[in-house]
Every structure is written in C-alpha cells, then in structure tokens.
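Below: one structure, written as structure tokens.
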Amino acid sequence: MASVGTALRELRGAQKSAKGVSLYSRFVNRPVGRYLAAGSYALGLTPNQVTLISAALSFAGAAAVALAAPSWGLGITVWALLAVGFAFDSADGQLARLRGGGSASGEWLDHVVDCAKLTSLHTCVLIAFYRFPEAYGIPAGTGGEAWLLVPLGFQFAAVVTFFGGLLTEKLKPKPAPGSQVAAPSAVRAVALLPVDYGVFCLVFLLLGGGGVFRWAYAGMGAVAALFLLAFLAKWYRELSAVPR
C-alpha cells in the first residue's frame with residue numbers, strides 16, 4: 001500500500017494551473033482535495049470511485065434540503081455534505097494525475113456528475129420552497145408562488161455557465177507545448193468568489209434562518225445571472241478571435 005506522505009509529495013508537483021480559479025478553490029478546495037487524493041491513492045481507490053463518492057455526498061446533501069424541514073442543524077449537515085463532496089470532486093482529477101493521467105471515460109463521468117449535481121441541488125431547493133413555504137418565510141398567494149421561479153432561474157444560470165465554460169475550453173486552441181503559463185491574477189481570483197461552488201455551499205448554513213436563507217440564495221442567483229452575461233460576452237469574444 002502506497003504511503004500518504006509519498007503521494008502528497010508527488011501531488012504537489014502535479015497541480016493544475018491556478019489561472020481562472022477563485023481563492024476558495026485555490027487555497028481551500030484543492031488543498032483539501034490533495035489530502036483526499038493521497039488517502040484514496042493509499043487505499044487503492046480509482047479516480048472513478050472517488051468521483052462516485054463525490055456524487056453520493058453531493059446528492060445526499062441536495063436530497064436533505066428537499067426532504068427535511070429547514071433548521072440550523074440541517075444547514076450544517078447539508079453544507080458539510082456539499083463541501084466534502086466538492087473536495088472529492090477536486091480529488092478525483094488529482095488522483096488521476098498521480099496515477100499517470102486520466103481517461104476519456106473518467107473525464108466524461110466527472111462532467112456528467114458535475115452537471116447532475118448542479119441541476120439536482122437547485123431542483124431540491126425548489127422542492128423545499130414548495131414543501132415548507134412557511135419555514136422559509138414565503139408569503140401565501142401569488143407572491144409566494146413567484147419564489148418558485150428563483151431556483152429555476154438560478155439553475156438556468158448555473159447550467160449554462162457550466163456548459164459554456166466547458167465548451168469554450170474545448171474549442172479554444174491549446175497552448176503550444178512548453179509555452180509559458182500566465183501567472184494567476186489575484187484580482188480575478190477574488191472576483192470569482194461569488195460564483196465559486198464552494199462559496200455557494202456556504203449559503204446552506206443559513207437554512208435555519210428561514211427568510212434569511214431565501215434572500216441570500218436569491219441574491220447569489222442574481223449574481224450568477226450577472227456573471228453569466230459577462231462570461232458569455234468574454235467567451236464569444238475569445239472564440240471570435242480564433243482563426244478559421
């Protein structure tokens with residue numbers, strides 16, 4: 001069985017570029033994922049098994065939102081499940097690099113799980129708003145029903161951002177081998193915090209606050225929509241500059 005310490009030393013030299021990554025992912029999620037990857041390597045787990053662990057934790061957290069009445073205890077549980085699931089999502093790629101490289105099927109599984117995670121989480125918030133309107137401070141009548149549109153709008157922004165970013169990376173020309181990688185921007189890393197999935201998970205700590213959670217969730221949804229517009233303009237401009 002491989003040593004966790006040896007795996008950690010090898011992983012330090014097998015990290016992805018920090019360019020375009022928020023501070024949370026760079027200094028919290030990736031380091032935690034590195035320890036999880038090292039532990040998984042020592043246990044003999046495969047990257048796909050780690051992806052499935054991430055999926056199980058994330059879906060359990062999402063399901064808890066829909067099935068249980070909101071409370072402070074539920075909020076801590078949901079956040080923990082989502083945050084650890086996100087860390088395992090980072091660990092599977094790091095484990096693949098540690099084992100000598102990933103596979104096309106592994107990358108496919110990772111992206112499918114990511115997309116399913118996004119859609120299921122916002123769907124479960126919608127179900128929670130429908131099942132426990134009074135607990136979330138949703139007014140009765142037409143005004144209350146309008147709140148059911150918020151998770152749908154948030155889901156739309158999240159999925160289009162995920163797909164648009166993924167497709168842009170596939171269509172952009174790959175840098176020449178050996179070319180110098182630009183240094184990550186600290187300003188960009190801070191600016192991306194509002195749309196980092198790990199930061200988004202923190203909002204579920206407010207589940208016991210009723211209306212506080214509802215407004216915090218809606219606020220993050222509005223920010224996600226604004227970032228989507230900015231991302232779409234940026235990606236279209238970058239791809240328009242690619243020679244035919």
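The values are calculated or read from the model by the stated rules, or taken from the named source; none is laboratory data. Small disclaimer: the values here were computed from a predicted structure and weren't measured. Using ideal geometry, Cβ is built from the backbone for each residue, glycine included, and neighbour counts are taken over all protein chains shown. For accessibility, only protein heavy atoms count, side chains too; no ligands or nucleic acids. Shrake-Rupley method; radii C 1.70, N 1.55, O 1.52, S 1.80 Å.
In the set (1) more than 24 Å from Gly208 (Cβ to Cβ); (2) of a type in the set (Asp, Glu); (3) surrounded by fewer than 21 Cβ atoms within 10 Å (Cβ to Cβ), the condition left unmet by Asp89 is number (3). Across segment 175-188, not a single residue is classified as open to solvent by 40 Å² or more (accessible area, probe 1.4 Å), within 25 Å of Val112 (Cα to Cα) and either within 21 Å of the chain's Cα centre (by Cα) or not acidic (Asp, Glu) (or both). Selection of helices (runs of 4 or more DSSP H) fully inside segment 149-244 by the criterion of at least 1 residues being over 20 Å from Val78 (Cβ atoms), among the charged types (D, E, K, R) and at pLDDT below 95 returns 149-171, 186-191, 211-240. Taking the stated definitions as given, is Phe227 aromatic (Phe, Trp, Tyr), touching a Pro at 6+ places or on another chain (Cβ under 8 Å) and touching a residue at least 12 places away in the same chain (Cβ under 8 Å)? So Phe227 passes the test. In segment 138-163, what residues are among the small types (Gly, Ala, Ser) and surrounded by fewer than 16 Cβ atoms within 10 Å (Cβ to Cβ)? Scanning segment 138-163 gives Ala140, Gly141, Gly143, Ala146, Gly153.
Return yes or no: is Tyr136 under 17 Å from Tyr217 (Cβ atoms) and free of Cβ contacts under 8 Å to residues at least 24 places away in the same chain? When the stated conditions are applied, Tyr136 does not pass them. Residues of segment 78-108 that are of a type outside the set (Asp, Glu), modelled with pLDDT under 95 and either within 15 Å of the chain's Cα centre (by Cα) or closer than 21 Å to Gly137 by Cα (or both): Ser90, Ala91, Gly93.
Looking across Ala69, Ala56, Ala62, Ala80, one residue alone is touching a helix residue (DSSP H, G or I) at 6+ places or on another chain (Cβ under 7 Å) and either of a type in the set (A, V, I, L, M) or crowded, with 18+ Cβ neighbours inside 10 Å (or both). It is Ala62.
Yes or no, residue by residue, for (1) in a helix (DSSP H, G or I); (2) modelled with pLDDT of 95 or more:
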| site | (1), (2) |
| --- | --- |
| Tyr41 | yes, no |
| Leu45 | no, no |
| Gln49 | yes, yes |
| Leu52 | yes, yes |
| Leu57 | yes, yes |
| Ala66 | yes, yes |
| Pro70 | no, yes |
| Ile76 | yes, yes |
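Within segment 105-123, the residues that satisfy the criterion of being farther than 15 Å from Ala56 by Cα and either surrounded by 15 or more Cβ atoms within 10 Å (Cβ to Cβ) or among the charged types (D, E, K, R) (or both) are Gly106, Glu107, His122, Thr123.
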